């Protein structure tokens, strides 16, 4: 295999220019970064900021100019994920797809099926599972210490309300966005975002749950959502019956105060014990029915935002398998979210996940 990778970054917006491109530049195993964006101004701004030589309007152009290209990062707006990812798969590329995988389950399944058919990998861009305390919890769950999962309680709170109302300038860090920040419609317009707090934040929560308990898949979903003063959901309350019979509650709000670090908690209850993991605080607590306890208290756990691009390079160069594959972490999460949005639109009417495909 090649010693260094050529990677395309599809979408030169906020997260690509804040996290993915800097991470690729620091990775000694990356030789070329190819910018792909239909907005030439965004591509030019990113290229000038990071002194990048190669800019293209389509992934096909990038592949034609660089036949050695084997992988791409999909970091476009939510409604464009499917088209950008499928175009990249048609060029035979391994993918890192930012969350959510797609807006619709049918599209997510089509991507997973295509990747399987051509023998490439899809890695989802979730970050919390890479944290040390989450890795430890996953190990205990895989050992069977808490037994069969019977109930999961998930809760997330974050400071996203301004984004969801279409005011990304209020969300900008000191000094402004690194290059190109979100547009006013990126997270606030249903036709662009696909949803609000659900697809922006609950996607992290649900994916973390499915990562810890990989036997789970949503079967029936009922949900209520409150938009407050936004066009998209800001507060979500979701109840889920899983394929195994396990039950889960998944809730979130994007309306916490300035300076509040928020929380992303997954609390799994099994036949032999329970484990609580909070991604934001770094806390992990396990209590088994036999009395055994283990606690990692709250601490500054950091945020592993640079790791996903590193893992994509390992897939390209080493043939590594994705820890968070599109078929499970990506597709199962999209199924839950689409079903929840449909249920909320019907005043909490239960939605069978199977109905998303009919």
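Can residue 349 be described as in a loop (DSSP other than H, G, I, E, B) and at pLDDT 95 or above?
When the stated conditions are applied, residue 349 passes them.
Filter region 35-76 down to the residues that are under 19 Å from residue 3 (Cα atoms), surrounded by 15 or more Cβ atoms within 10 Å (Cβ to Cβ) and more than 22 Å from the chain's Cα centre (by Cα) and list them by number.
Within region 35-76, 63, 66, 69 meet the criteria.
I'd like to verify a number: residues in region 123-137 that are within 18 Å of residue 206 (Cα to Cα) and touching a strand residue (DSSP E or B) at 6+ places or on another chain (Cβ under 9 Å), how many? Walk me through how you get there before you give the answer.
Kept after step one, since they are within 18 Å of residue 206 (Cα to Cα), are these residues of region 123-137: 123-131, 133-135, 137.
Applying the additional criterion that residues be touching a strand residue (DSSP E or B) at 6+ places or on another chain (Cβ under 9 Å) yields 123-125, 128, 131, 133-134, 137.
Going through region 123-137 one residue at a time, the tally reaches 8.
Looking only at region 38-49, count how many residues are in a helix (DSSP H, G or I) and either touching a strand residue (DSSP E or B) at 6+ places or on another chain (Cβ under 8 Å) or under 14 Å from residue 8 (Cβ atoms) (or both).
Taking region 38-49 as the starting set, the residues that turn out to be in a helix (DSSP H, G or I) are 40-49.
Checking the rest, the ones that are also either touching a strand residue (DSSP E or B) at 6+ places or on another chain (Cβ under 8 Å) or under 14 Å from residue 8 (Cβ atoms) (or both) come to 40, 43-44, 46-47.
Going through region 38-49 one residue at a time, the tally reaches 5.
Looking at (1) under 30 Å from residue 162 (Cα atoms); (2) in contact with a strand residue (DSSP E or B) (Cβ under 9 Å, 6 or more places away or on another chain), which one does residue 192 not meet, given that it meets all the others?
With (1) under 30 Å from residue 162 (Cα atoms); (2) in contact with a strand residue (DSSP E or B) (Cβ under 9 Å, 6 or more places away or on another chain) applied to residue 192, the lone miss is (2).
So which residues in region 235-273 are at pLDDT below 95 and buried (at least 19 other Cβ atoms within 10 Å of the Cβ)?
262
Filter region 184-209 down to the residues that are more than 12 Å from the chain's Cα centre (by Cα) and crowded, with 23+ Cβ neighbours inside 10 Å, then identify the one that is nearest to residue 268 (Cα to Cα). Break it down stepwise before answering.
Start the filter on region 184-209 by keeping residues that are more than 12 Å from the chain's Cα centre (by Cα), which leaves 184-197, 209.
Then keep just the ones that are crowded, with 23+ Cβ neighbours inside 10 Å; that gives 187, 193-197, 209.
Numbers: 187: 30, 193: 29, 194: 28, 195: 26, 196: 25, 197: 22, 209: 8 Å.
Selected residue: 209.
Just to check your reading of the model, which residue among 84, 117 is under 17 Å from the mean Cα position of the chain (by Cα) and more than 20 Å from residue 305 (Cβ to Cβ)? Write out each step before concluding.
Numbers: 117 fails: under 17 Å from the mean Cα position of the chain (by Cα).
Unique residue meeting the criteria: 84.
Tally time: how many residues in region 79-88 are touching a helix residue (DSSP H, G or I) at 6+ places or on another chain (Cβ under 6 Å) and crowded, with 23+ Cβ neighbours inside 10 Å?
2
If residue 135 meets every condition in (1) assigned by TED's automatic domain parsing to the domain that holds residue 239; (2) surrounded by fewer than 17 Cβ atoms within 10 Å (Cβ to Cβ); (3) more than 25 Å from residue 251 (Cα to Cα) apart from one, which number is that one?
(3)
Please go through region 331-357 and give me each residue that is closer than 23 Å to residue 85 by Cα and surrounded by fewer than 14 Cβ atoms within 10 Å (Cβ to Cβ), ordered by number.
Result: 357, single match.
Residues being at pLDDT below 95 and over 12 Å from residue 21 (Cβ atoms): count how many of those fall in region 43-53.
1
Enumerate the strands (runs of 3 or more DSSP E) found wholly within region 214-314, keeping only those where 1 or more residues are free of Cβ contacts under 8 Å to residues at least 24 places away in the same chain and either over 27 Å from residue 166 (Cβ atoms) or touching a strand residue (DSSP E or B) at 6+ places or on another chain (Cβ under 6 Å) (or both). Spell out the reasoning first.
Numbers: elements: 218-226, 235-242, 247-253, 263-270, 273-278, 283-288, 293-296.
The strands (runs of 3 or more DSSP E) meeting that bar are 218-226, 235-242, 273-278, 283-288, 293-296.
Say whether the condition of being within 26 Å of residue 17 (Cα to Cα), in contact with a helix residue (DSSP H, G or I) (Cβ under 8 Å, 6 or more places away or on another chain) and in contact (Cβ under 8 Å) with a residue 60 or more places away in the chain is met by at least one residue in region 134-152.
Step one: list which residues in region 134-152 are within 26 Å of residue 17 (Cα to Cα), which gives none.
So far as region 134-152 goes, no, none of its residues is within 26 Å of residue 17 (Cα to Cα), in contact with a helix residue (DSSP H, G or I) (Cβ under 8 Å, 6 or more places away or on another chain) and in contact (Cβ under 8 Å) with a residue 60 or more places away in the chain.
The values are calculated or read from the model by the stated rules, or taken from the named source; none is laboratory data. What you see is a predicted model, and the numbers here were worked out from it, not measured in a lab. Cβ sites come from the backbone with ideal geometry, for glycine too, and all protein chains shown count toward neighbours.
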